[in-house]
1. Could you look through the range 68-80, keep only residues that are within 21 Å of Asn37 (Cα to Cα) and in contact with a strand residue (DSSP E or B) (Cβ under 7 Å, 6 or more places away or on another chain), and pick out the one that is least open to solvent (accessible area, probe 1.4 Å)?
2. Check off (1) crowded, with 17+ Cβ neighbours inside 10 Å; (2) of a type in the set (Ser, Thr, Tyr); (3) farther than 23 Å from Gly138 by Cβ for Thr40 and give me the number that stays unchecked.
3. Looking at (1) modelled with pLDDT of 95 or more; (2) of a type in the set (S, T, N, Q); (3) under 25 Å from Arg44 (Cβ atoms), which is the one condition that is false for Asn74?
4. Could you identify the single residue in Ser184, Ser149, Ser115, Ser136 that is among the polar types (S, T, N, Q), without any contact (Cβ under 8 Å) to a residue 40 or more places away in the chain and over 19 Å from Lys68 (Cβ atoms)?
5. Quick one: how many residues across the range 94-118 are touching a Ser or Thr at 6+ places or on another chain (Cβ under 9 Å), over 20 Å from Thr40 (Cα atoms) and modelled with pLDDT of 95 or more?
6. Sort out which residues of the range 83-94 are in contact with a helix residue (DSSP H, G or I) (Cβ under 8 Å, 6 or more places away or on another chain) and either more than 29 Å from Ala182 (Cβ to Cβ) or open to solvent by 20 Å² or more (accessible area, probe 1.4 Å) (or both), and write them in order of number.
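The values are calculated or read from the model by the stated rules, or taken from the named source; none is laboratory data. Please read all numbers here as calculations on a predicted model, not as lab measurements. All Cβ positions, glycine included, derive from the backbone under ideal geometry; neighbour counts span all protein chains shown. Side chains included, ligands, DNA and RNA excluded: accessible areas come from the protein's heavy atoms. Shrake-Rupley method; radii C 1.70, N 1.55, O 1.52, S 1.80 Å.
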Amino acid sequence: MQGLKHVITIHQQQLHLSYYPNFFNTNEAHRIYEFLNHQTEWKRYPIRLFGRDVMQPRCIAYYADADKPYTYSNLKLNPKPWNQQLKYLLNCCNRVYQSNWNAALLNRYNNGLDSMGWHSDDEPELGNDPVIASFSFGITRNIKFRLKSNHKTVYNLPLEHGSLLIMHGGTQLYWQHALPKAKSITAARINITFRSIV
């Protein structure tokens, strides 16, 4: 870890973000990416949207304490046991922000055609006002935030290789976020979000 002192803080209408663009140096970020890319049991799952089943446009994996399944869009994920790499990343998060995170949702976007639609991490099992920690490895992709009460209010943030983003309290209540398609991107990105399942 090298980027603990370099933090970008965003406070905007209940959008509360702490972004560490160089949390890991390039060599360590590459090592973590290679481990996650090759040692994770990636899978694409169908989810229920607007009354029909569609395949998610990304690969996912879910690791957590044994008694902490996670459900979103009518998809129930049973956790795989923690590995040492994810435990290490969790400890890194706790050096920045002390929390009781007990679950990690991993996403792999193989290229710019893989994406994430507008949503908030506000499922009931995440509690009333969750704090989410998000690592990014691989190609830089833009995450967008929009105010729930006014979709014209949008904030854009490029998530770089080896970076950490903390989405603090209030963010999930008042904002949605998305990772839109970017057809010009041909490389992959891996994202790990740590969350607390109550």
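1. If we take residues in the range 68-80 being within 21 Å of Asn37 (Cα to Cα) and in contact with a strand residue (DSSP E or B) (Cβ under 7 Å, 6 or more places away or on another chain), then Leu77 is least open to solvent (accessible area, probe 1.4 Å).
2. So the condition that Thr40 fails would be (3).
3. Against the list (1) modelled with pLDDT of 95 or more; (2) of a type in the set (S, T, N, Q); (3) under 25 Å from Arg44 (Cβ atoms), Asn74 comes up short only on (1).
4. Result of the check over Ser184, Ser149, Ser115, Ser136: Ser149.
5. So the answer is 1.
6. Listed by number, the list holds a single entry, Asn83.
Residue by residue, here is whether (1) among the polar types (S, T, N, Q); (2) assigned to a helix (DSSP H, G or I); (3) within 21 Å of Leu113 (Cα to Cα); (4) touching a Ser or Thr at 6+ places or on another chain (Cβ under 6 Å) holds:
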residue: Asp53; (1), (2), (3), (4): no, no, yes, no
residue: Tyr62; (1), (2), (3), (4): no, no, no, no
residue: Ala66; (1), (2), (3), (4): no, no, no, no
residue: Thr71; (1), (2), (3), (4): yes, no, no, no
residue: Leu86; (1), (2), (3), (4): no, yes, no, no
residue: Leu89; (1), (2), (3), (4): no, yes, no, no
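One line per residue, one yes/no per condition, for (1) in a loop (DSSP other than H, G, I, E, B); (2) open to solvent by 20 Å² or more (accessible area, probe 1.4 Å):
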position: Asn107; (1), (2): no, no
position: Ile143; (1), (2): no, no
position: Thr153; (1), (2): no, yes
position: Leu165; (1), (2): no, no
position: Gln172; (1), (2): no, no
position: Ala178; (1), (2): no, no
position: Lys181; (1), (2): yes, yes
position: Ser184; (1), (2): yes, yes
position: Ile192; (1), (2): no, no
